[in-house]
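The values are calculated or read from the model by the stated rules, or taken from the named source; none is laboratory data. Keep in mind that what you see is a predicted model, and the values were worked out from it rather than measured. Reconstructed Cβ throughout: ideal geometry from the backbone, glycine too, with neighbour counts over all protein chains shown.
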């Protein structure tokens, strides 16, 4: 069950999840916001946990984000998370904001905490008010019994157009203490760099200062959730919440504990990148995971711009869908990425193991082999700028007929 | 045949085209770069014309663009335009550049001008060398006979995945002289703000200084070709060329002739916006023209960003395709546009005549009527920021199954 990778002290826990770290109980149920499927998820930490969060950059932030920011700003401790799917509570004005606060209060009452120790997340349709009656009835039905998590119900209840549940877990030994980090996520359409219609929930039993926790989440998000794109749209509701309840028993790390923080960061990155890739793979209508690595950049920002530009290009995505080794579109997307340190005569491009461009002009390759490579379920494109030593990796998916089908009729 | 609009001195010439201004002869033929369809187009001005041009912002500029820039920089006069479709002559290295210069020379010999008086444009597949034998044979077959334009052949020979020919023409009387401006264009996929895989050819018989001509083209392009998007990809080959041969007989206008320049600019804008809209409407797989108008902005840049963001959103485009009055996606796209002067609580959104959002929250509307409106072939979305008096309009199209079909198999 446990796979140890020799190259690192970080151990991936195969069936681990958001409830694997000590002291977390989660569940989910159907309360009627969606027609049939689960739509209400909850998380409870047996002791108040330090909390960090990152949010969408969309100007139209949904009501629950304001409530969550409010809670985390109070004292940095969170004990409960309440989530609904089916309704994003976005563009809902004063009523929506009031409802999000009520939702927070109901769940706080249920777990016996103060409202300020609860965060609220919502995902789904925009511009409709929450059905508070159904929500109230749903929250009333929550039963929290220690050691009785239903992880599957939690993971199911946060989904919208996702086709599978997303989870990850790692363990790492730091100064003699085994630290566990677990996570769950939803995403699918409307995901792009800078996080969009994406909810991420990360738990850990590490004892770490709130400042250090926020620092770790922010840096790791830049290399994981912010490097995925499905359709270039950024939603009103994206949030990643990270809770650390300290039950692993280590003495609290602060930003001064550089070695411990660095190792914790690496472990957190494993979890966040795993969730990010699962989200990209589950892009609406996706049949393939697309990974774009950019190497040899003079500055990291340019590597990131190029990787995101390629992974987000509709023409690259349709070519990947159609198994067409159309490197011209890769070059094009690099060219309009806004990166300023590209030398067009110095660029190398690989489709999987096949070199297709060298020094900016076509390199002979077997179309047949490249097409056959593109039939895989995971596609790797590599661009080497041959200019410096900075790198970046972005993840996305192909663009299929099903993307159009799903989004031409989402609300109906 | 001539429609005069009372509100303006600019007259739209219904069947006018690129050969309507005095002194231009055009044609097109099939030389074998494409399998069956026309692939070689040419234009000849009976006297050398002043020339202006704007180019793609893509880092990977194709070889013909370098040759065209070179020609225009020599002395600003151009007498001939040679264009091929089927092959973009992009990412073709030194050989490609040499071939573009040879292509220029062959056509210069044909029309009896110097190579520096000829510009070269190419569109089609990236990364393959031109078949110079076929090209040579094609250019040899060109016959230029005065008053014997084949506009249809020109318009056909510049197309790639376009489904219809694109042309426009207006006349305007300036200081007692009738000035005619005509144009042709190709575009379709890979078009986005800042011009992409788009070729535009504009002719006029006005007598105007090269400096003033370049100024007019640049400003007008910002309100027309740079405000269209099909899939957000920007190509290596986009070029708009504007020739002014002076045969209308007016005394040369310079930038100091403000009234004449302003009127000429307005007339040029009519032609460029007409061509831009035709390109947007003919986006790959498009079934509808989408026009997004943003009003009430504090700064024009924000109006432009929001209009482009909405018209380029895959989620808005699929909703329009599916006749789904999904205003949430419109709000979302406005929110992530990068515009900084939006007040989320002050925004109004219209789908056609139907107000769907007021003060940032849903405004009651008839779903049935909105859906029925969205079944039209031309869709207008209006966003009022209620903040200032700046406006911008962007054009695009819906995103259909056919877009995926066309682009999943473009090269094969």
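A few notes on this one:
- Residue tally, condition in contact with a helix residue (DSSP H, G or I) (Cβ under 6 Å, 6 or more places away or on another chain) and more than 14 Å from residue B:228 (Cβ to Cβ), over the range B:307-343: 16
- Hey, residue A:323 within 12 Å of chain B (Cβ to nearest Cβ), under 29 Å from the mean Cα position of the chain (by Cα) and on the phi > 0 side of the Ramachandran plot or not: yes
- Only a single criterion out of (1) within 12 Å of chain B (Cβ to nearest Cβ); (2) touching a helix residue (DSSP H, G or I) at 6+ places or on another chain (Cβ under 9 Å) is not satisfied by residue A:304, namely (1).
- Residue A:273 being assigned by TED's automatic domain parsing to the domain that holds residue A:221, outside any loop (DSSP other than H, G, I, E, B) and out of contact with any strand residue (DSSP E or B) (no Cβ under 9 Å at 6 or more places or on another chain): no
- Restricting attention to the range A:294-328, the residues being farther than 18 Å from residue A:365 by Cβ and not in a helix (DSSP H, G or I) number 7.
- Enumeration of residues in the range A:287-299 that are surrounded by fewer than 24 Cβ atoms within 10 Å (Cβ to Cβ) and either within 14 Å of chain B (Cβ to nearest Cβ) or at pLDDT 95 or above (or both): A:287, A:288, A:291, A:293, A:295, A:296, A:298, A:299
- When the range A:352-388 is limited to residues that are within 26 Å of the chain's Cα centre (by Cα) and outside any loop (DSSP other than H, G, I, E, B), the one that is farthest from residue A:308 (Cα to Cα) turns out to be A:378.
- Tally of residues being away from every other protein chain (no Cβ under 14 Å), touching a helix residue (DSSP H, G or I) at 6+ places or on another chain (Cβ under 7 Å) and farther than 16 Å from residue A:125 by Cβ across the range A:44-74: 10
- Residues (touching a residue at least 24 places away in the same chain (Cβ under 8 Å) and in contact with a strand residue (DSSP E or B) (Cβ under 8 Å, 6 or more places away or on another chain)) located in the range A:67-81: A:67, A:68, A:71, A:72, A:76, A:77, A:78, A:79, A:80, A:81
- Selected residue [part of a strand (DSSP E or B) and either closer than 25 Å to residue A:88 by Cβ or at pLDDT 95 or above (or both)] from A:28, A:16, A:32: A:28
- Any hit, the range B:358-370, residues being under 20 Å from residue B:281 (Cα atoms) and either within 11 Å of chain A (Cβ to nearest Cβ) or touching a helix residue (DSSP H, G or I) at 6+ places or on another chain (Cβ under 7 Å) (or both): no
Okay, residues lined up against (1) more than 29 Å from residue B:89 (Cβ to Cβ); (2) surrounded by fewer than 24 Cβ atoms within 10 Å (Cβ to Cβ):
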position: A:319; (1), (2): no, no
position: A:326; (1), (2): no, no
position: A:347; (1), (2): no, no
position: A:355; (1), (2): no, yes
position: A:358; (1), (2): no, yes
position: A:367; (1), (2): no, yes
position: A:405; (1), (2): yes, yes
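- Restricting attention to the range A:380-409, the residues that are closer than 24 Å to residue A:347 by Cα and within 14 Å of chain B (Cβ to nearest Cβ) total 6.
- Of the residues A:200, A:176, A:183, A:187, the single one that is at pLDDT below 95 and closer than 28 Å to residue A:300 by Cα is A:187.
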